[in-house]
Amino acid sequence: MDDEKQTADAETVEKGFKPSSPNSKLDFNGFWEYDDAPQSTDSVDIEEQYNLFIDGEFVSPTKGRYFESINPATEQSLTSFAEATKQDVDNAVEAARKAFEGSWSTISAKERGKYIFRLARLIKERAREFAILESMDGGKPIRESRDVDVPLAAAHFFYYAGWADKLEYAFPARKAEPLGVAGQIIPWNFPLLMLAWKIAPALATGNTVVLKPAESTSLTALKFAELCRDAGLPDGVVNIVTGAGQTGSQIVNHDDIDKIAFTGSTKVGKIIKKSLAGTDTKYTLELGGKGPNIIFEDAPIDQAVEGIINAIFFNQGHVCCAGSRLFVQEGIADEVIQKLRDRMETLIVGDPLDKNTDIGAINSEQQYNKINEYLEVGVNEGADMYQNSCELPEKGYYCRPTLFTNVSQSNKIVQEEIFGPVLTIQTFRTVEEGIEKANNTPYGLAGGVWTDKGSKIFNVSSNIRNGIVWANTYNKFDPTSPFGGYKESGEGREGGLHGLYPYVKLK
Amino acid sequence: MSDRVEVLKTYKTYIGGNFPRTESGRHYEVYDGDGEILANACQCSRKDVRDAVVEARNAFEDWNGRSAYNRGQILYRIAEMLEMRKAQFVDELETVGYKTKKAEAEVNASIDRLIYYAGWSDKYQQVFGSINPVASNHFNFSMPEPMGVVNIWAPEERPLLGLISVMAPVIVGGNTCVILASEKYPLSAVSFAEVLHSSDVPGGVVNILTGYRDELLEHMTTHMDVNAFFYTDEIEQEKRKQIDEHGTLNLKRIRYTPITDWQSEEAESPYFITDFQETKTTWHPVGL
C-alpha cells in the first residue's frame, strides 16, 4: 500500500507542476490561450426589412417609412424596421380591442394558458436562432443571450402560462378580471426577455397587447411575432409596432388603452406618469437604478470579486439593476480593488458572436457617446480612472471595463445612472455607514451585500431600501420572483404572482 | 353662586408628538350644525406641512423597526383609549349635526376598524409575501415593506371614522403619515390626536394638520421626501389631474380610492395596507 502511494506521489511530482505567480495574480497569459470561437450565423435569416405585426398579419406602415437598424459590433446596417405612425398604432389598438372582446375573453382560461405554454415551447425550439439574432442586433455576448436571455424568456412564458387558470388563488378574497388592452414599451438592453416579462403576464390574465420594442433592438420581437402565428394565437391578441419615442408616446396617450407597462429610464418614466395624470389608465414603471453593492470584511472575497464583476459588467453594464456603486469596508479595500483590477485584466472585450467574449458591443452609438461623456465627467470631477488594457476591435462601439476610485457621494458618476461598464468605488467603516451610503440616492431598484455572517445579511438586506437584494450573489433572475423598484426606480412588480396584480382589476 | 364658566378647548395641531399651534398663527372658524361658531381651528401653512414631514421621516426608522406584534398592540391600544372616551366623541359629532344614534354608530365603527387593522399587523406579510421556487441554486423570498412617509387627505364628510379608516392601514404597515383633517369638521381629528398621544403611538408616526385643502394641496403632493399620497373623496377631474402630476416629481404613489360607504366592508381591506407597501425580494445562494 505504502509503496503504491509513494509511487503515485512521485508520479504527480514528475508531471511538472507549474507554480502560480508569486503575487497570486491570475496569470492567464502564462497558462491558456484562447482561440477564436465564433458562433456560426448560418442558421439565421435576416430579411432586408420588417413590417409591423397587426391583427395577425405583417403589414406595411401607413406612411411607408422605415428606419435602419445598426449592428453595434460592426457599425453595419443589419436590417430596417417600419416606423409606426399614429394610424398604425390606432390599427393595432383596434385589433387588440377586437381580440380582447372577441376570442380572447371567451375562450376558457385553461385553453388560454395552453397558447402561452406553446409560446414557451416555441422559443425553446428556436433558441439558437433567437440567441444569435439577439446578439447581432443588440451587441450582447452570445454567451449571455444563449444562457440567460433566451432560456429566461421561455421560462417566463412557461411560468405565467400556468397562472392563467389559477388566478382565483392569487388574490385573497377577490375576483380578478382582465383590464383590456395593454400598451407595452420595452428597452433595448434585454429585448426578448423584456418582451416575455411584459407579454406573458398580460396574456395569462386575459389581456391583449400592443408592444413596442426599442428602435435599436426590434428584431427578436418580430421573430416572436412569427411564433405567435405558429402557435395559432388568435389574431390581434399580440400586436407589435416598431418605432421610436414618437410611436411610444402615441401608445401612452391612446384613449383606448387600459394599461401601460414601461421599462426604461426614470426620466421617461416620469413623462409617462405625467401623461397618464388624471386618467384611469393603470401603469407599471420599471425604471433606472444605481445599485449599491456592499462588501464587508468578513465576505468571501474571491467570490465577492466575481460577484462585483458580474454585477457591473453583465450585459456591458446595460442593466438597470447593475451594481454600479461599490462600497468596500475599509480594511479590505486595497485587497478588493487590487483583485478587481486583476480580474478585469482577464475580461475579453470584443465580438459579441465569439463564445469567449465577456463584454460585447455598446448597444448604440448614442449610448457609446453617453458613456464616454460620463468617463470624461468622472475624470474632471477628480476621480481616478482605471481601465483594463485589452485591445478593442477597430470597428464597432466598444468600451473598456472601467473603475473609478477616489469618488465622493456627490459626484455625478456616483449619483447618475450611466448604463455602461463603469463602476465607482467608495469605502465605509461601520455597518450603519454602509447602509446609509447605499441608501443615499433617489433610486431603489437593486443592491448586493457580501458577508459570511447570516445575521448581518438579514440586518443589511432589510435596511436597504431596494426592491431586490442579492446576498452573496448578484444579477440573478427567475420568473417566479418579483422584480421592481422602490422610490424613483419605479412602481409595481414584474415576475412572480406579484407580477399579475398590474394586469387585473380586483372585484 | 354664579354659573360656572366653561373652559373652552383650544384646538391645535399634532406634530411630532406635540401639540403646537400652526407656525403661521392663522386660524379659520369652524361651525356647528346650526351655523354658529364652534371654535377656531389652525389654518396650517406650507411650513407646518414641512415640519410634519420631517417628524414623520424621523419617526419612520423606529416605527418600521418595531415588530409587527408591537404595532398591532399599539393599534389595539388606540382602540382601547377611544372606547374609554366614546362619550366625548359622540358629543363632538353631535355638535356638528350628527344625531346621537349616528354619532354612536360612527364612533363604534371607528373603534372596530382599529381592531380590524390591529389584527392584520402580523398577518398581511404572510398572506401577501411569498417564497419563490426559483430554478437555480438559490433561496429567495418576497416580503412587503412600508414605503416610508405617506401624506393623507382624510375624508371630508366623516370626521372620525373616515380619518381612522385611512390612517390605520397606512401605519399598521409600518409607514408614518401626515394627515390633513376634514376641512369642515376638523375638531374630532384634533381630539383624536389626544387619543393617539395617550396610546403609545410614538411621536411623529401620525401627524395631524388642519387647514384648507386648496391651499395645502401643492405642498402636500409635491414634497420630495414623501413617498405616497392617499385620498378617498371624489374630487373634480382637474384637481385629480393636478395631484397625479405632482406625484411625478419623485414618483410618488398616488392612491385614490373613492369610498361611498365608510361603515361598509368596502372601507376595510388588507389591500389598503398593501397599497402602501413595496415588495422586496431577497436572494441567497444555496450550497456549501
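The values are calculated or read from the model by the stated rules, or taken from the named source; none is laboratory data. Since this is a predicted model, take the numbers as computed values, not measurements. Using ideal geometry, Cβ is built from the backbone for each residue, glycine included, and neighbour counts are taken over all protein chains shown.
A single member of A:43, A:77 is part of a strand (DSSP E or B), in contact with an Asp or Glu (Cβ under 7 Å, 6 or more places away or on another chain) and under 27 Å from residue A:315 (Cβ atoms), and it is A:77.
Which ones in region A:46-74 are part of a strand (DSSP E or B) and free of Cβ contacts under 8 Å to residues at least 60 places away in the same chain?
Within region A:46-74, A:49, A:59, A:66, A:68 qualify.
Where strands (runs of 3 or more DSSP E) fall wholly inside region B:186-288, the ranges with 3 or more residues that are within 11 Å of chain A (Cβ to nearest Cβ), within 18 Å of the chain's Cα centre (by Cα) and closer than 30 Å to residue A:464 by Cβ are B:253-256. Among residues of region A:119-147 being touching a residue at least 12 places away in the same chain (Cβ under 8 Å) and within 14 Å of chain B (Cβ to nearest Cβ), the one that is surrounded by the fewest Cβ atoms within 10 Å (Cβ to Cβ) is A:124.
When you look at residue A:252, is it out of contact with any Asp or Glu (no Cβ under 9 Å at 6 or more places or on another chain), within 13 Å of residue A:57 (Cα to Cα) and touching a residue at least 12 places away in the same chain (Cβ under 8 Å), yes or no?
no
Taken over region A:406-425, the criterion of being closer than 21 Å to residue A:345 by Cα, of a type in the set (S, T, N, Q) and buried (at least 18 other Cβ atoms within 10 Å of the Cβ) is satisfied by A:424 alone.
Can you tell me which residues in region A:132-163 are small (Gly, Ala, Ser), under 16 Å from the mean Cα position of the chain (by Cα) and within 27 Å of residue A:500 (Cα to Cα)? Across region A:132-163, the qualifying residues are A:145, A:153, A:154, A:155. Just one of (1) crowded, with 22+ Cβ neighbours inside 10 Å; (2) touching a Leu at 6+ places or on another chain (Cβ under 7 Å) fails for residue A:388. It is (1). For residue A:215, indicate whether it is more than 20 Å from residue A:86 (Cα to Cα) and of a type in the set (Asp, Glu). In short, no. Please go through region A:58-74 and give me each residue that is farther than 28 Å from residue A:316 by Cβ and under 28 Å from the mean Cα position of the chain (by Cα), ordered by number. Of everything in region A:58-74, just one residue is farther than 28 Å from residue A:316 by Cβ and under 28 Å from the mean Cα position of the chain (by Cα), namely A:58.
Are any residues in region B:145-172 within 14 Å of chain A (Cβ to nearest Cβ) and either at positive phi or part of a loop (DSSP other than H, G, I, E, B) (or both), and if so, which ones? I'd like the intermediate steps shown before the answer.
First, pick out the residues of region B:145-172 that are within 14 Å of chain A (Cβ to nearest Cβ): B:145-150.
Within region B:145-172, B:147, B:148 meet the criteria.
Screening the candidates A:463, A:472 for the property of being in contact (Cβ under 8 Å) with a residue 60 or more places away in the chain and not assigned by TED's automatic domain parsing to the domain that holds residue A:272 yields one hit, A:472.
Total residues in region A:94-118 satisfying the condition of being among the polar types (S, T, N, Q), part of a helix (DSSP H, G or I) and touching a residue at least 24 places away in the same chain (Cβ under 8 Å): the figure is 2. Taking every residue in region A:274-293 that is touching a residue at least 24 places away in the same chain (Cβ under 8 Å) and charged (D, E, K, R) and pairing it with any residue that is assigned to a strand (DSSP E or B) and buried (at least 22 other Cβ atoms within 10 Å of the Cβ), at least 6 positions away or on another chain, the pairs with Cβ-Cβ distances below 7 Å are A:282/A:259; A:286/A:263; A:286/A:490; A:286/A:494; A:290/A:325. Residues in region A:415-449 that are under 20 Å from the mean Cα position of the chain (by Cα) and of a type outside the set (Val, Ile, Thr): A:416, A:417, A:419, A:420, A:421, A:423, A:443, A:444, A:445, A:446, A:447, A:448. Out of A:103, A:135, A:145, one residue alone is at pLDDT below 95 and not assigned by TED's automatic domain parsing to the domain that holds residue A:353. It is A:103. Checked against (1) among the aliphatic types (A, V, I, L, M); (2) crowded, with 17+ Cβ neighbours inside 10 Å; (3) within 14 Å of chain A (Cβ to nearest Cβ), residue B:30 passes all but a single condition, namely (3).
Of the residues making up region A:200-216, those that are outside any loop (DSSP other than H, G, I, E, B) and touching a residue at least 60 places away in the same chain (Cβ under 8 Å) are A:200, A:201, A:202, A:203, A:204, A:208, A:209, A:210, A:212. Within region A:367-385, being surrounded by fewer than 17 Cβ atoms within 10 Å (Cβ to Cβ) and in contact (Cβ under 8 Å) with a residue 40 or more places away in the chain holds for one residue alone: A:370. Among residues of region B:109-134 that are within 14 Å of another protein chain (Cβ to nearest Cβ), those with a Cβ under 7 angstrom from a residue that is charged (D, E, K, R) and buried (at least 16 other Cβ atoms within 10 Å of the Cβ), sequence gap 6+ or separate chain, pair up as B:116/B:268; B:132/A:478; B:134/A:478. Within region B:202-222, one or more residues are small (Gly, Ala, Ser), over 30 Å from residue A:480 (Cβ atoms) and surrounded by fewer than 23 Cβ atoms within 10 Å (Cβ to Cβ). The residue pairs whose first member lies in region B:234-261 and is closer than 21 Å to residue B:163 by Cβ, whose second member is among the charged types (D, E, K, R), and whose beta carbons are closer than 6 Å, counting only pairs six or more residues apart or on different chains, are B:254/B:244; B:255/B:275; B:258/B:234. Six or more apart or on different chains, Cβ under 9 Å: which pairs go from a residue in region A:310-332 that's in the same structural domain as residue A:404 (by TED's automatic domain parsing) and closer than 18 Å to residue A:372 by Cβ to one that's part of a helix (DSSP H, G or I) and aromatic (Phe, Trp, Tyr)? Could you list them? Close Cβ pairs (under 9 Å, with a partner that is part of a helix (DSSP H, G or I) and aromatic (Phe, Trp, Tyr)) amount to A:322/A:313; A:322/A:314. Evaluating residue B:96 against the criteria (1) among the aliphatic types (A, V, I, L, M); (2) touching a Cys at 6+ places or on another chain (Cβ under 9 Å); (3) away from every other protein chain (no Cβ under 14 Å) leaves one unmet condition, (2).
Which residue is nearest to residue A:77 (Cα to Cα), if the candidates are limited to region A:396-413 and must be in contact with a Pro (Cβ under 8 Å, 6 or more places away or on another chain) and not in a strand (DSSP E or B)? First the steps, then the outcome.
Start the filter on region A:396-413 by keeping residues that are in contact with a Pro (Cβ under 8 Å, 6 or more places away or on another chain), which leaves A:396-397, A:399-402.
Next, from what is left, pick out any that are not in a strand (DSSP E or B): A:396-397, A:399-401.
Numbers: A:396: 12, A:397: 14, A:399: 20, A:400: 24, A:401: 26 Å.
It comes out as A:396.
Would you confirm, using the coordinates I've provided, whether residue A:302 is under 22 Å from residue A:491 (Cβ atoms), among the charged types (D, E, K, R) and over 19 Å from the mean Cα position of the chain (by Cα)? So residue A:302 does not fit the description; no.
Screening B:46, B:21 for residues that are basic (Lys, Arg), surrounded by 15 or more Cβ atoms within 10 Å (Cβ to Cβ) and without any contact (Cβ under 8 Å) to a residue 24 or more places away in the chain leaves exactly one candidate, B:21. Among the criteria (1) farther than 20 Å from residue B:96 by Cβ; (2) in a loop (DSSP other than H, G, I, E, B); (3) touching a residue at least 60 places away in the same chain (Cβ under 8 Å), the one residue B:63 does not fulfil is (2).
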